[in-house]
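The values are calculated or read from the model by the stated rules, or taken from the named source; none is laboratory data. No experiment lies behind these values; they were computed from the predicted model shown. Backbone-built Cβ (ideal geometry, glycine too); neighbour counts: all protein chains shown. Heads up: the accessible areas ignore ligands, DNA and RNA and are worked out on the full protein's heavy atoms, side chains in. Shrake-Rupley method; radii C 1.70, N 1.55, O 1.52, S 1.80 Å.
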Amino acid sequence: VRLLFERALLPAGVVRDVALEVGADGFISAVTAGVRGDGAPVIRGLALPGMPNLHSHAFQRAMAGLAEVAGRGERSFWGWRAVMYRLVERLAPEDVAAIAAFLYVELLEAGYTSVGEFHYLHHDIGGQPYPDPAAMALAVRRAAGEVGLRQTLLPTLYQQGNFGGAPLEGAQRRFQHDTGRFLDYVQALRARDSQLARTGVAFHSLRAVPPAALAEVTAAVRAADPVCPLHVHIAEQQREVADCVAWSGRRPVEYLLESGVVDAGWCLVHATHVSAAELAAIAAVGAVVGLCPTTEGNLGDGRFALDELLAAGGRFGIGSDSHVSVDPREELRSAEYTLRLWRERRAVALTPGATHTGAALYAAAVAGGGQALGHAHHGLASGGPADVVLIDTDRAEFCGVPDAALVDAYVFAPRPAAIDRVWVGGHEVVAGGRHRARGLVEERYRASIARLAPATAEGS
Ligand SMILES: [Zn+2]
């Protein structure tokens, strides 16, 4: 396939008349700028590399917006988690598949073209493995396949209720694996990988995984695949940091880095509470920080010093996590606006040498997100995935915006209908702003939510 764009965001910036050659494998085999008059139809607008969404818990889409009621339970992350567990107690694989497919359609329409699915809901409602232990994981993989979203499935190890080996309770029994079974489960998923569906591994958190299991799984995974993505929720809450210090004498990031396992294949999700030394150390090993600004804001997690990470040469990507927002631009704006309010100035989260805030944030999140999801290359470049989002720059809102400011305008000045078409692996999945399968996927989502109503209405 050959796609000829009026404009495209290349590593050098916005360039005119760009041809992308897409191989049968769904990757870009060549990029040529300045292509004119060769007879091929020109696709008007601006082609952006699709945004990787490096952190998702798809099922949580069903409770987005339903934990905003004060006065009942603890007004904190832990109170939100209680609402989430009530939903978890009711979900069957067909519900998870229906919710995930609907979410993934929303992600694609919003310009995300790949997702890291941090998947810890493994077992049946009683906490027993399904006849096929991978039934839940395969349900979320199937959902991505049906709607054409590139997915890195991150089966997640969860073994204890807190630091030091507290037992699992209630809904958490659906999450548990012993180490041997977990490795078998990962192996079974890897055996079914395909071009758009690959398998990584996640550790839920240091509070949920004891050190011996983390070391054993990391060693086994690295022996099988030196570049397999490894993700962990690391330092989301002050209480979690305090518990880690009480248990080990180390802060979570400090503890993990001292264990010596972290390399550039790692993604540290919610590295919210970190010291300057920890930030510099994350940057030095080349790991990606997984930022989920709208969820972190929604949960009252804390502020992340993205400017300090970037100044240290660190990398980041974005995730929609609990899916209170499914718009990558809102994640980028939220990360930057938190810093503007904090530092009391503008254009704060700039990569060294960059001048355009929106374009720099967008490009950095594409690169970091791609790295975290295990893509060998990123962006609209040879070897990169043919994952493209087309912005309709003929809309009146873009009138008078010069090429060099288009990505800034796209990120910072909300234009909800700006996305016209989306391709993943060279296949067009969104046209005219609408996913091709939206009707069917919506119908199944409505039916599933109707079945789950008592749990999702809990926040009313
Ligand atoms: Zn998460």
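Where the second residue is more than 16 Å from the ligand (Cβ to nearest atom) and among the β-branched types (Val, Ile, Thr) and the first is under 20 Å from Arg329 (Cβ atoms) and lies in segment 274-294, which pairs have Cβ atoms under 7 Å and are six or more apart or on separate chains?
What qualifies is Val289/Ile282; Pro293/Thr338.
So Ala171 ticks every box in (1) of a type in the set (A, V, I, L, M); (2) under 20 Å from Leu268 (Cβ atoms); (3) modelled with pLDDT under 95 but one. Which box is left unticked?
With (1) of a type in the set (A, V, I, L, M); (2) under 20 Å from Leu268 (Cβ atoms); (3) modelled with pLDDT under 95 applied to Ala171, the lone miss is (2).
Which of the following residues is under 24 Å from Asp321 (Cβ atoms), of a type in the set (A, V, I, L, M, F, W, C) and in a helix (DSSP H, G or I): Val221, Val209, Val232?
Val221
Quickly run through segment 80-91 and pick out the residues that are open to solvent by 20 Å² or more (accessible area, probe 1.4 Å) and in contact (Cβ under 8 Å) with a residue 12 or more places away in the chain.
Here is the first cut: in segment 80-91, the residues open to solvent by 20 Å² or more (accessible area, probe 1.4 Å) are 80-83, 85-86, 89-90.
Listed by number, the residues that qualify are Trp80, Val83, Tyr85, Arg86, Glu89, Arg90.
Go through the residues of segment 266-273 one by one and say whether even a single one is within 13 Å of the ligand (Cβ to nearest atom) and either β-branched (Val, Ile, Thr) or in a helix (DSSP H, G or I) (or both).
First pass over segment 266-273, keeping only residues within 13 Å of the ligand (Cβ to nearest atom): 267-272.
Then keep just the ones that are either β-branched (Val, Ile, Thr) or in a helix (DSSP H, G or I) (or both); that gives 269, 272.
Yes: one or more hits.
Any residue in segment 314-327 that's in a loop (DSSP other than H, G, I, E, B) and within 14 Å of the ligand (Cβ to nearest atom): show its pairings with residues that are open to solvent by 30 Å² or more (accessible area, probe 1.4 Å) and among the charged types (D, E, K, R) at Cβ separation under 7 Å, as long as the two are six or more apart or on different chains.
Every condition considered, the pairs that remain are His323/Arg61.
Do we have Leu121 as at pLDDT below 95 and within 16 Å of the ligand (Cβ to nearest atom) here? If you could, list the steps in order and put the result at the bottom.
Working: at pLDDT below 95: yes; within 16 Å of the ligand (Cβ to nearest atom): yes.
Against the criterion (at pLDDT below 95 and within 16 Å of the ligand (Cβ to nearest atom)), Leu121 qualifies.
Check off (1) open to solvent by 10 Å² or more (accessible area, probe 1.4 Å); (2) touching a residue at least 60 places away in the same chain (Cβ under 8 Å) for Val269 and give me the number that stays unchecked.
So the condition that Val269 fails would be (1).
Counting just the residues of segment 1-28 that are touching a strand residue (DSSP E or B) at 6+ places or on another chain (Cβ under 9 Å) and among the small types (Gly, Ala, Ser), which one comes out nearest to Asp394 (Cα to Cα)? Please lay out each step first, then the result.
Residues of segment 1-28 that are touching a strand residue (DSSP E or B) at 6+ places or on another chain (Cβ under 9 Å), as a first pass: 1-10, 14-23, 26-28.
Among the residues that remain, those that are also among the small types (Gly, Ala, Ser) are: 8, 19, 23, 26.
Numbers: Ala8: 14, Ala19: 20, Gly23: 29, Gly26: 28 Å.
Filtering segment 1-28 for residues that are touching a strand residue (DSSP E or B) at 6+ places or on another chain (Cβ under 9 Å) and among the small types (Gly, Ala, Ser), the one nearest to Asp394 (Cα to Cα) comes out as Ala8.
Report yes if Glu254 is within 16 Å of the ligand (Cβ to nearest atom) and in a helix (DSSP H, G or I), otherwise no. So that I can check it myself, show each step before the final result.
Numbers: within 16 Å of the ligand (Cβ to nearest atom): no; in a helix (DSSP H, G or I): yes.
Judged against the criteria, Glu254 is not a match.
Which of (1) hydrophobic (A, V, I, L, M, F, W, C); (2) more than 22 Å from Pro229 (Cβ to Cβ); (3) open to solvent by 20 Å² or more (accessible area, probe 1.4 Å); (4) modelled with pLDDT of 95 or more does Ala396 not meet, given it meets every other one?
Ala396 satisfies all of (1) hydrophobic (A, V, I, L, M, F, W, C); (2) more than 22 Å from Pro229 (Cβ to Cβ); (3) open to solvent by 20 Å² or more (accessible area, probe 1.4 Å); (4) modelled with pLDDT of 95 or more except (4).
When you go through (1) open to solvent by less than 40 Å² (accessible area, probe 1.4 Å); (2) closer than 26 Å to Ser248 by Cα; (3) out of contact with any Gly (no Cβ under 7 Å at 6 or more places or on another chain) one by one for Leu121, which number turns out not to apply?
It fails just one condition, (2).
If a residue has to be aliphatic (A, V, I, L, M) and either surrounded by fewer than 21 Cβ atoms within 10 Å (Cβ to Cβ) or closer than 19 Å to Ala24 by Cα (or both) to count, how many in segment 360-388 make the cut? Step through it out loud before you land on a result.
The initial filter retains those residues of segment 360-388 that are aliphatic (A, V, I, L, M), namely 360-361, 363-367, 372-373, 376, 380-381, 386, 388.
With the extra rule that they be either surrounded by fewer than 21 Cβ atoms within 10 Å (Cβ to Cβ) or closer than 19 Å to Ala24 by Cα (or both), the set shrinks to 376, 380-381, 386, 388.
Residues flagged as aliphatic (A, V, I, L, M) and either surrounded by fewer than 21 Cβ atoms within 10 Å (Cβ to Cβ) or closer than 19 Å to Ala24 by Cα (or both) within segment 360-388 amount to 5.
Can you pull out every residue in segment 235-251 that is part of a loop (DSSP other than H, G, I, E, B) and away from the ligand (no atom under 16 Å from the Cβ)? Can you show your working first?
Here is the first cut: in segment 235-251, the residues part of a loop (DSSP other than H, G, I, E, B) are 235-237, 249-251.
Result: Gly249, Arg250, Arg251.
One residue is enough: does segment 44-62 have a residue meeting the conditions in a helix (DSSP H, G or I) and among the aliphatic types (A, V, I, L, M)? Outline the logic, then answer.
Quick first cut of segment 44-62, residues in a helix (DSSP H, G or I) only: 58-62.
So of that shortlist, the ones also among the aliphatic types (A, V, I, L, M) come out as 58, 62.
The answer is yes; a qualifying residue exists.
Which one of these is in a helix (DSSP H, G or I) and without any contact (Cβ under 8 Å) to a residue 40 or more places away in the chain: Leu332, Leu309, Leu361? Break it down into steps so the answer makes sense when it comes.
Working: Leu332 fails: without any contact (Cβ under 8 Å) to a residue 40 or more places away in the chain; Leu361 fails: without any contact (Cβ under 8 Å) to a residue 40 or more places away in the chain.
The match here is Leu309.
As an exercise: evaluate Gly26 against (1) open to solvent by less than 60 Å² (accessible area, probe 1.4 Å); (2) closer than 20 Å to Val407 by Cα and give the number of the one condition it does not meet.
(2)
Restricting to segment 275-300, give me the number of residues that are open to solvent by less than 30 Å² (accessible area, probe 1.4 Å), more than 14 Å from the ligand (Cβ to nearest atom) and more than 17 Å from Gly370 (Cα to Cα).
Taking segment 275-300 first, the residues open to solvent by less than 30 Å² (accessible area, probe 1.4 Å) are 278-279, 282-283, 286-296, 299.
From the residues that got through so far, the ones that are more than 14 Å from the ligand (Cβ to nearest atom) too are 278-279, 282-283, 286-288.
Restricting the remaining residues to those that are more than 17 Å from Gly370 (Cα to Cα) gives 278-279, 282.
The qualifying residues number 3.
Here is a list: Val201, Val227. Which entry is β-branched (Val, Ile, Thr) and open to solvent by 20 Å² or more (accessible area, probe 1.4 Å)?
The conditions single out Val227.
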